[in-house]
Amino acid sequence: MNIRALTGFIDPGWPIEARRVSGLAACLQAAKARLEEAGYPVQTLRMATPPPAEVGKAVRPAERPEFARKLEAECFVHSIDYVSLGPASPEEPDGLAAVPEILAGTENVFTSAIFCEPESGISLTAARGCAQAISDVSRLQPDGFANLRFAAMANVPPGSPFFPAAYHRGGGMAIAVGTEGAELAVDALREVSSIGTARRRLEGMIEAHGAALAKTLQAVAAEHEARFLGIDFSLAPFPEHFRSRQRCRRRLPGRLPGPRPIPPHGILRSVSNGAGR
C-alpha cells in the first residue's frame, strides 16, 4: 500500500517565514523516511495553510496571487511537492475572484472556497462565486485541467490530507496521511465466497495498517512538536488494472440480500469509512 499524500499543516505567516516552512519540511522528511523504512512508499509531500484571511497577518485577496507564488517557491526549496491555500470564506467574494489568478500564476498550488457550512447553511452568493471561478479556471488551459486544483466545498472540516480540500485551522504544526488503498481491497477480495468474509478481511487489513501508520507518525510528530491528525483510508486507485477499484468490484461475490441491497462500491466505501471506529 502506498501513501499518496503526506500532508503537513502550518500557518506560514505573511510575509512568509521561511523557518516555519523549513520546520514543517524537516518533519515531513522524517515521517517519509520512517514510513518507507516500514514498507510504505510515499508518493508526495504536501503543505496546507489556513484560509488566507486567517493567516497570522491576514492575506488580502489582492495579495493572494503573490502569496501563492512565494509559497510555491519556498516549498520548492524545501522539497515539498504541493501546497494548498486554505479556502476563501463565504463572506469574502473578492477572495473567490482571486482564484483564477492564483492558479494561473502557479503550477503546484491548489486552493478552495467554502459555499456551505453546518452553522450558516448554503451561501448562494458564494455558490455563484464558486461557479464563476470554475468557469474562469476552466479556460486557463486548453484541456480545462486547472480545475483539478480548485474545490468548491460544503461542510468540509480542516485536517484532510487530500487536495484541494486540505486546509489548516488553529493550533501549531500538524501532519496527516492519505492512502492509495485500492490494492488492500483487491487482496481482501481474493477467493472469498461471501460479502461478510470480504468485509471482515478488509476491515482487519485497514485496522492493522492504521495501527502501524499511527504508531510511526505519532512518534515523528512528537519529536517535531507537531500533532498527528490521522489517516484518510481512501481506496484511491493506482492506474494499473491489478490494483484498481474496478478489479475490486469484479471480485465481489455479489450484492447483499434484502429489499435495498448495497451495491459493490457501497460495500467498499462503508468498510473504508467505518474501520477502526
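Exactly one residue among L189, L256 is touching a helix residue (DSSP H, G or I) at 6+ places or on another chain (Cβ under 9 Å), surrounded by fewer than 18 Cβ atoms within 10 Å (Cβ to Cβ), modelled with pLDDT under 85 and among the aliphatic types (A, V, I, L, M), and that residue is L256.
Taking residues in region 154-172 that are within 10 Å of G86 (Cα to Cα), and partners anywhere that are aromatic (F, W, Y) and part of a loop (DSSP other than H, G, I, E, B), the pairs with Cβ atoms closer than 8 Å and at least 6 places apart or on different chains are P158/Y167.
For beta carbons closer than 9 Å, sequence separation of 6+ or different chains, a first residue in region 48-77 that is closer than 25 Å to A5 by Cα and a second that is acidic (D, E) and assigned to a helix (DSSP H, G or I), the qualifying pairs are P52/E63; R64/E101; P65/E101; A68/E101.
For region 136-143, the criterion of a residue being of a type in the set (S, T, Y) and not in a loop (DSSP other than H, G, I, E, B) is satisfied by at least one position.
Hey, could you check region 36-49 for residues that are surrounded by fewer than 16 Cβ atoms within 10 Å (Cβ to Cβ) and of a type in the set (D, E, K, R) and say which is farthest from the chain's Cα centre (by Cα)? In this case the residue turns out to be E37. Taking the listed residues R128, R169, the one that is part of a loop (DSSP other than H, G, I, E, B) and closer than 18 Å to E92 by Cβ is R169, with no other qualifying. When the strands (runs of 3 or more DSSP E) confined to region 1-101 are screened for residues that are in contact with a helix residue (DSSP H, G or I) (Cβ under 7 Å, 6 or more places away or on another chain), those reaching at least 2 such residues are found at 2-9, 45-48.
This table checks each residue for (1) over 22 Å from F162 (Cβ atoms); (2) surrounded by fewer than 23 Cβ atoms within 10 Å (Cβ to Cβ).
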| position | (1), (2) |
| --- | --- |
| P12 | no, no |
| A26 | yes, yes |
| R34 | no, yes |
| P51 | no, no |
| L96 | no, no |
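Every condition in (1) outside the structural domain of G105 (by TED's automatic domain parsing); (2) modelled with pLDDT under 95 holds for A226 except the one numbered (2).
The values are calculated or read from the model by the stated rules, or taken from the named source; none is laboratory data. Nothing here was measured: the structure is a model prediction, and the numbers come from that model. Every residue, glycine among them, receives a Cβ derived from its backbone with ideal geometry; neighbour counts consider all protein chains shown.
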